1. Collect the residues in region C:37-64 that are farther than 21 Å from residue C:86 by Cβ and surrounded by 23 or more Cβ atoms within 10 Å (Cβ to Cβ), keeping them in residue-number order.
2. Which ones in region B:103-141 are surrounded by 20 or more Cβ atoms within 10 Å (Cβ to Cβ), charged (D, E, K, R) and not in a loop (DSSP other than H, G, I, E, B)?
3. Tell me, which residue of region C:33-84 that is in a loop (DSSP other than H, G, I, E, B) and among the small types (Gly, Ala, Ser) is farthest from residue C:144 (Cα to Cα)?
4. What residue, of B:245, B:252, is in contact with a Leu (Cβ under 9 Å, 6 or more places away or on another chain) and touching a residue at least 24 places away in the same chain (Cβ under 8 Å)?
5. Could you say which residue among C:194, C:142 is over 22 Å from residue C:64 (Cβ atoms), polar (S, T, N, Q) and touching an Asp or Glu at 6+ places or on another chain (Cβ under 9 Å)?
6. Identify all residues within region B:170-189 that are within 8 Å of the chain's Cα centre (by Cα) and aromatic (Phe, Trp, Tyr); write none if there are none.
7. Looking at B:123, B:170, which is the one that is touching a Leu at 6+ places or on another chain (Cβ under 9 Å) and either of a type in the set (Asp, Glu) or farther than 18 Å from residue B:69 by Cβ (or both)?
8. In region B:329-338, which residue that is part of a helix (DSSP H, G or I) and more than 7 Å from every other protein chain (Cβ to nearest Cβ) is nearest to residue C:269 (Cα to Cα)?
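The values are calculated or read from the model by the stated rules, or taken from the named source; none is laboratory data. Bear in mind the structure is a predicted one, so any value in this text is a computation, not a measurement. Cβ sites come from the backbone with ideal geometry, for glycine too, and all protein chains shown count toward neighbours.
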Amino acid sequence: MDVKHVAKLANLILKPAEEAKLKKQFEETLKTVDVINELDTSNIDPTSQVTGLINVTRDDKIDKSRIIKIGDYFKVPAIFNAQ
Amino acid sequence: MLNKLTLIEALAGLRAKKFTSAELVQSCLDQIKKHNKKLNAFLAINENALDEAKQITANDQRPLAGIPIAVKDNFLTVGLPTTASSKVLEGYMPQYESTVTRRLKDAGAIIIGKTNMDAWAHGSSTETSDFGATLNPWNSSHLPGGSSGGSAAAVAADMCIAAIGSETAGSIRQPAAWCGITGFKPTYGRVSRYGVIAMASSTDSPGPLTKTVGDSALITQIIAGHDPYDATSSPKSVPDFVSNLKSKISNLKIGFAKEYLVKEIRPEVKQVILDAAKKFADLGAKVDEVKLLHPKYSIGVYTIVQRSEVSSNLARYDGIRYGHDRSYFGDEAKRRIMLGTYVLSSGYYDRYYNKAQKVRTLIIKDFEQAFKKFDLIIGPVSPSPALPIGASKGSPMFGELEDMLLEPSSIAGLTSISVPCGFVDGLPIGLQITGPQFAEKLVMQAAHSYQQATTWHHEKPTL
Amino acid sequence: MKNPPFKQLWQTVLGFEVHIELETSSKMFCGCPADHFGASPNTQVCPVCLGLPGALPVPNARAIEWCIKLGLAMGCQVNLFSKFDRKNYFYPDLPKGYQITQYDIPFCHDGELLGHKIKRVHLEEDTAKLQHQENMTLIDFNRSGVPLVEVVTEADFKDSGDSDVFLKELQQIIRALGISSADMEKGSMRLEANISVRHPGEPLPKYKVEVKNVNSFRFIKKAIDYEVARQIQLLESGQTPVQETRGFKEATGETVSQRVKEEAHDYRYFPEPDIPPLQFTKQQIESWRSELPVLPVQVRQELITKHHLSPQYAVIISSDQVMYAEFLKNPTQNMADALVNKRPLKTVSPSVPELKIRYVAKHVIAANPKAVADLKSGKQQALFFLIGQIKKEIGEINIKMAQKVIDELVQ
């Protein structure tokens, strides 16, 4: 695993010692989870929703009860390369 | 001592004017004062608890009026900090209330404090909390389990009358087992997740940790039910869990999961579980072996799916709108975020995430087949009693390995309970009773029958 | 850059991603108001669109309906089974650290408009608004979570003239459906042009340049022309244009580099676990199809074949709802001439003095505060409504005059 690349994707800053330790731990973890490849899933659909629910929507109505009036901008240091 | 009462006993006492809510709350606060410094079950105590209790009259008809309840620190509570036991959210005061705690408050309950947990619910020990581990009231050199370890310890140590926790895969049942109390996991979608800091969105299930099954039934009755703010919450009406608990179980077909007697299980634990199974047979149920997929597959599925969802759910913590920046994440959180990011990443999605979700389908189908022949499935909760402090540091997958017997039912979104069923080395052992989706009533009936015929749940630790 | 050499040997590969802000009452996944025009910063936010811990999304049914209607209006097929997905990346304008969008099963796909293929039409949520100052960037989440429809075309446009007609037609359709003001200056219609250049017959180029943040049809046309010429010049000198995002400098008419688009982001898409999938029936889709209004192409058809107007007149009249409504009241060549040339009608018709129109208009405005508020926030329909209310009072009036009066009174 390219730990540096994954850390960048995950927006985490890791120290070199952390990177090395994590790399080893991931190898161990991936080996353990690899057992799922023992099972044949050739005609099986993936499940991402165990509820069986479909078409859960809400009416297009304004709900004032949850509005939080912050009233001011959030600020971050200037973003360069910005639009 | 009032704090030692069960929820049902406390309610009866309040209604009969034997004592006031203020006395009940005070009793719990005294217990907290005596033992929390050592046990570290609570991260925050509600300074207004006593005042709130004084407002409750004996004539208050609300179902939980005047009852002090502890809440796991991943539930957003207005007026009390909510940290998920992470330094990232240290001092965070939520701007809104979770549905579960709002329903408890509407029912008159008094939230006595927020309990410790594994940070972000990443664990089965409560040792990964950024604010110190919680100790097991039965043996303070042992862990209480996790991630709802603080809630479990608080109930076991009678620091509250009942508690709320959440289970992603084992986080209610396992600490309940290790702390000798009852822990109930409703069907996924039965209780709203709105206002619960998300761990794995597709399995997170809020639920009660209590002294008895009867208490669990009452709390579940209050917190369950559809929530328009949670699109995965079930529109099914909530049956009466409380009044039919006493149903006989003599006609039930109960499956004993032999695959759950894994090689890691200690022989003493195995014996305790077999004795519990025999008890069901004595009660008239028909107990037979049920063949299920080996838990090792669930470990793989759960680790991948959960860590993927975790990596995404924790992306909002950037310190801009609330909390601190991502450098405040602890080791376990970083580990899980990284692994989750990796298995979702380009080139690996099919091999890991997609494959895991397909195996998940197999696990769901496996249970469906089993429940055609059986009404309920029982088995051990944990391969061992509570492990010693430090045990979680041994493996980068400690949580997922510890919970292997609970992951299958969590992945499938089923309902399950852990009830005390014995002791090994002076530490409690839990039995899991699992039912199909929305079979909470049946699960609780069986658990209640078991508790009526045994006294394990009456045992209390010497503090 | 006029007439660069060998231009005829190059073929433009041009396609578009168009984002349309829907004019629903509430946001895509929460009940906050979707209309954020002029609101004070961070006053129309809630746990969901702020991405607070523990918040959960619940999709807006009308937004889904409108997205599908737009797809149907462009002859798309609808995926009867569909879902939302998470697109994971970090940016301060993205509160959850992921955007809820649609990845592999969009609501609509494979349509066609004016001979151009529509690859997909899907639904997603908007990001917050960033305001860059010298030392810091300000973030306003009022816009976060507003429903966005994304239309993706095939890269089959041959030049900017071709795309200009298409984009204007798309705007007309959106407005006819009443789902968005589709106003480029207001940002309710946003264009991204994907531009590259190749020799005819060669495979698709390995690079593409994205041009965005151009807020008028006129400027996007200029930007495309400039960009094509710029790329040709680079290629002819043996260089490959850098794969990047470019903006447009109005003053000089040049595209300028904004952000180097490195290898495609790894968005780690996966199905949104917080939102159950959508399943439509054929009946539902047909019912929505039957609700589609008369579309510009049909209006033009009718003006030409039924009313015998010229294609040029047909284009002008069909693109202006007020003008079209006026024409239908008196569908003659005379009327068409008057409308198109903005000459007063040479027939006997009641001419109501401006003072009277003003008098009635004041009453109408006072009696319809919501319509006035809508008009102030840019909703065209509100103007038609108010004019209609005036006509109810005093009958036939000069529309242009009524419009002028209303504009003056609603300051």
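1. Narrowing region C:37-64 to residues farther than 21 Å from residue C:86 by Cβ: C:37-44, C:62.
Passing the criteria: only C:44.
2. Residues satisfying the conditions are B:103, B:114.
3. Here is the first cut: in region C:33-84, the residues in a loop (DSSP other than H, G, I, E, B) are C:34-44, C:46, C:51-59, C:74-76, C:79-80, C:83-84.
Still in the list and also among the small types (Gly, Ala, Ser): C:34, C:38-40, C:51, C:54-55, C:75.
On the way: C:34: 9, C:38: 15, C:39: 13, C:40: 14, C:51: 9, C:54: 17, C:55: 14, C:75: 30 Å.
Among those that are in a loop (DSSP other than H, G, I, E, B) and among the small types (Gly, Ala, Ser), it is C:75.
4. B:252
5. Details: C:142 fails: touching an Asp or Glu at 6+ places or on another chain (Cβ under 9 Å).
None of the others qualify; the one that does is C:194.
6. We begin by selecting, within region B:170-189, every residue within 8 Å of the chain's Cα centre (by Cα); these are B:170-176, B:183-185.
B:184 - this is the single residue of region B:170-189 that is within 8 Å of the chain's Cα centre (by Cα) and aromatic (Phe, Trp, Tyr).
7. On the way: B:123 fails: touching a Leu at 6+ places or on another chain (Cβ under 9 Å).
Just a single option satisfies the conditions, and that option is B:170.
8. In the first step, residues of region B:329-338 are kept if they are part of a helix (DSSP H, G or I); the result is B:331-338.
Those still in the list that are more than 7 Å from every other protein chain (Cβ to nearest Cβ) too: B:331-333, B:336.
Details: B:331: 25, B:332: 24, B:333: 21, B:336: 18 Å.
Within region B:329-338, the match that is nearest to residue C:269 (Cα to Cα) is B:336.
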